[in-house]
Amino acid sequence: STGSHITIEFNEGTSSESDNCFTQGGVSFSSGVVTVPVSGVYHFDLLARVDGVGSGYVVMSIAKNNDFTGNRRMFSIEGDPASDYQTMTASGVFKLAASDNVRVGIYSSTDSNLNVTTSTTFSGHLVG
């Protein structure tokens, strides 16, 4: 979406070990949003493939509690992405309370035709 963040919704999101790389027991995964079961420090990784970016820049973010501003997110920015496909990565450590959620979002400065492919992975685990 041009000029605004959209949440990437994974089609097979569950808390099982085989879907979307989440292996920490008890994590709730619904509509592309991860809700953590216990307070603690969590590490998350994002590897995304974005296709069909025509122009502008693209920002991929991992955000805490739907806050895509300031220090509540980790992000990767691609200032001149390839028009056929671009790989982007982001990772970070978050201090979360029980029931906090984490989601992935994408922002494009000018292009509304980009596509986040199904080869994109989002993973995380409780550090302690």
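Computed from the coordinates by the stated procedures, all read-outs in this text should not be read as laboratory data. All figures in this text were calculated on a predicted structure; none of them were measured in a lab. Glycine also receives a Cβ, built like all others from the backbone with ideal geometry; neighbour counts cover every protein chain displayed.
Some observations on this one:
- Subtracting the Cα-Cα distance of T118 and I77 from 0.36 nm times their residue separation leaves 12.8 nm of extension gain.
- Magnitude of the charge dipole, the stretch 39-128, Cβ model with Lys/Arg +1 and Asp/Glu -1, debye to 20: 420 debye
- Taken along the Cα-to-beta-carbon direction at a fixed 7 Å, the label points for H125 and D67 span 2.7 nm.
- In order through the stretch 97-110: 3J(HN,Hα) via Karplus (6.51 cos²θ - 1.76 cosθ + 1.60), integer Hz, x for Gly, Pro: 8, 3, 6, 5, 10, 10, 9, 9, x, 10, 10, 10, 6, 9
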